[in-house]
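Heads up, the thing below is written out as structure tokens.
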Amino acid sequence: MAEIKQGTGKTRDDKEAMARRIAKFFEPGDVINLGIGAPLLVSNYVADGVLIHTENGCVGMGTQISRSNPEIPARTQLESFSNAGGTPFLPVPGAMVFSHVTSYALIRGGHLAGTVLGAFEVSETADLANWYIKGNFAGMGGAMDLCQAKRVIVQTTHCTKNGDPKLLHKCTLPLTCNGLITDVVTERCWFQFVDKKLILKEIREGYDLDNIKANTEADFTVADDLKTDVAF
């Protein structure tokens with residue numbers, strides 16, 4: 001295995017780096033959905049005017065807050081909203097609130113510009129497995145529906161905690177979606193799927209092509225315009 005010069009992807013720095021890179025995919029006017037966990041960090045870096053959707057019925061999710069924070073006025077705490085994961089947030093000006101029916105009509109109708117999801121496994125043909133691992137039922141939530149977004153971005157550590165690749169020839173776990181992933185961003189690089197073929201587009205500073213090859217089971221090609229030493 002090629003030397004790893006930075007973190008494992010689980011450090012706060014690595015998670016923030018992935019979030020910063022993913023945020024660059026979106027522009028003002030886009031309505032996007034962020035999965036629970038590390039993908040929510042993307043909200044800290046998107047441009048003004050990017051609207052964040054939450055499955056339980058809001059477009060315009062703003063700053064996450066803690067209701068126990070004494071710096072937040074009591075009235076604001078009472079009037080705060082909660083996202084699909086139960087985390088309270090403040091809505092942005094002009095936010096819209098609606099029923100689950102409308103919320104899932106937006107999702108299933110393909111009206112979201114993008115979604116960012118975590119992963120247990122990703123296949124070289126754009127399949128995603130992110131809701132079940134043996135002995136640990138994580139629950140799929142709305143992930144299967146969210147894969148109808150125009151851009152389906154996976155944010156994940158490049159390898160498991162045991163050092164095994166997460167980008168595989170074929171997923172071994174139950175699928176969340178089949179052939180719908182558009183991008184994969186890890187703490188090491190950015191891959192893009194084109195016609196269900198995996199293409200390496202960028203390598204983050206601190207890593208090199210040998211490292212990516214040594215830690216990726218999936219077959220991939222290298223983009224002609226590959227960027228290296230990129231600051232995520």
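Please flag any cysteine in the chain that has no other cysteine's Cβ under 4.7 angstrom from its own Cβ.
Those would be Cys58, Cys159, Cys171, Cys189, since no other cysteine Cβ in the chain comes under 4.7 Å of theirs.
According to the Kirkwood expression over distinct Cα-Cα pairs, how big is the hydrodynamic radius of the chain, in Å? Can you show the working numbers first?
Working: mean 1/r = 0.0548 Å⁻¹.
Taking the inverse mean of 1/r over all distinct Cα pairs, the chain comes out at 18.3 Å.
Could you order Glu187, Glu124 by accessible surface area, starting with the largest, using a probe radius of 1.4 Å?
On the way: Glu187 0, Glu124 40 Å².
The ranking, largest first, comes out as Glu124, Glu187.
Sort out for me the Cα centre separation of the stretch 81-106 from the stretch 139-206, rounded to whole Å.
26 Å
Using θ = phi - 60° and the Karplus curve 6.51 cos²θ - 1.76 cosθ + 1.60, what whole-Hz ³J(HN,Hα) does each residue of the stretch 145-162 get, with Gly and Pro shown as x?
Ordered by residue, 3J(HN,Hα) equals 6, 5, 5, 7, 4, 5, 10, 10, 9, 9, 10, 7, 5, 5, 10, 6, 5, 8 Hz.
Round to the nearest 0.05 the FRET efficiency obtained for Ser68 and Thr102 when R0 = 30 Å and r is the Cβ-Cβ distance.
Values: r = 31 Å, r/R0 = 1.05.
About 0.45, to the nearest 0.05.
Name the residue, out of Gln155, Gln64, Gln192, whose mean-square fluctuation peaks in a Gaussian network model built on the chain with Cα pairs under 10 Å.
Of the options given, Gln64 has the highest mean-square fluctuation.
Starting from the 7 Å offset along Cα-to-Cβ, what nm value, one decimal, do you get for the label separation of Asp208 and Asp195?
Computed distance between label sites Asp208 and Asp195 equals 3.2 nm.
What are the ³J(HN,Hα) values, in whole Hz, obtained from phi via the Karplus relation 6.51 cos²θ - 1.76 cosθ + 1.60 with θ = phi - 60°, for each residue of the stretch 83-91 in sequence order, with x given for Gly and Pro?
7, 5, x, x, 7, x, 8, 9, x
Solvent-accessible area of Cys159, probe 1.4 Å, all protein chains present, reported in Å² to the nearest ten, please.
The value for Cys159 is about 10 Å².
What are the ³J(HN,Hα) values, in whole Hz, obtained from phi via the Karplus relation 6.51 cos²θ - 1.76 cosθ + 1.60 with θ = phi - 60°, for each residue of the stretch 97-102 in sequence order, with x given for Gly and Pro?
10, 7, 6, 4, 4, 5
Given H placed on each backbone N at 1.01 Å, which residues far from Gly62 in sequence or on other chains put an amide H within less than 5 Å of it?
Under 5 Å from the amide H of Gly62 lie the amide H atoms of Leu90, Val92, each far enough along the sequence or on another chain.
Please go through the residue pairs Lys161/Lys201; Lys15/Lys227; Lys170/Lys196; Lys134/Lys213; Lys166/Lys197; Lys134/Lys197 and name each one whose alpha carbons sit more than 22 Å apart in this structure.
Working: Lys161/Lys201 25 Å; Lys15/Lys227 20 Å; Lys170/Lys196 13 Å; Lys134/Lys213 27 Å; Lys166/Lys197 16 Å; Lys134/Lys197 28 Å.
Distance filter (> 22 Å) returns Lys161/Lys201; Lys134/Lys213; Lys134/Lys197.
For Thr172 and Arg12, calculate 0.36 nm times their separation in residues minus their Cα-Cα distance, and state this gained length in nm to one decimal. Mind showing how you got there, number by number?
Details: separation 160, 0.36 × 160 = 57.60 nm, distance 2.84 nm.
Result: 54.8 nm gained on full extension.
Report the extension gain between Lys134 and Val222 in nm, rounded to one decimal, defined as 0.36 nm multiplied by the number of residues separating them, less their alpha carbon distance.
Numbers: separation 88, 0.36 × 88 = 31.68 nm, distance 3.31 nm.
Length gained between Lys134 and Val222: 28.4 nm.
Counting heavy atoms of the protein chains only and a 1.4 Å probe, report the per residue accessible area for the chain as a whole number of Å². Can you show the working numbers first?
Working: 11320 Å² over 232 residues.
Here the per-residue accessible area is 49 Å².
For the stretch 153-232, take the convex hull of the Cα atoms, compute a quarter of its surface area, and give me that in nm², please. The partial results should precede the final answer.
On the way: hull surface 21.5 nm².
That works out to 5.4 nm², a quarter of the Cα hull's surface.
The values are calculated or read from the model by the stated rules, or taken from the named source; none is laboratory data. Please read all numbers here as calculations on a predicted model, not as lab measurements. Note that each Cβ is placed from the backbone with ideal geometry, even for glycine, and that neighbours are counted across all protein chains shown. Remember, those area values only see protein heavy atoms, side chains included, never the ligands or the DNA or RNA. Shrake-Rupley method; radii C 1.70, N 1.55, O 1.52, S 1.80 Å.
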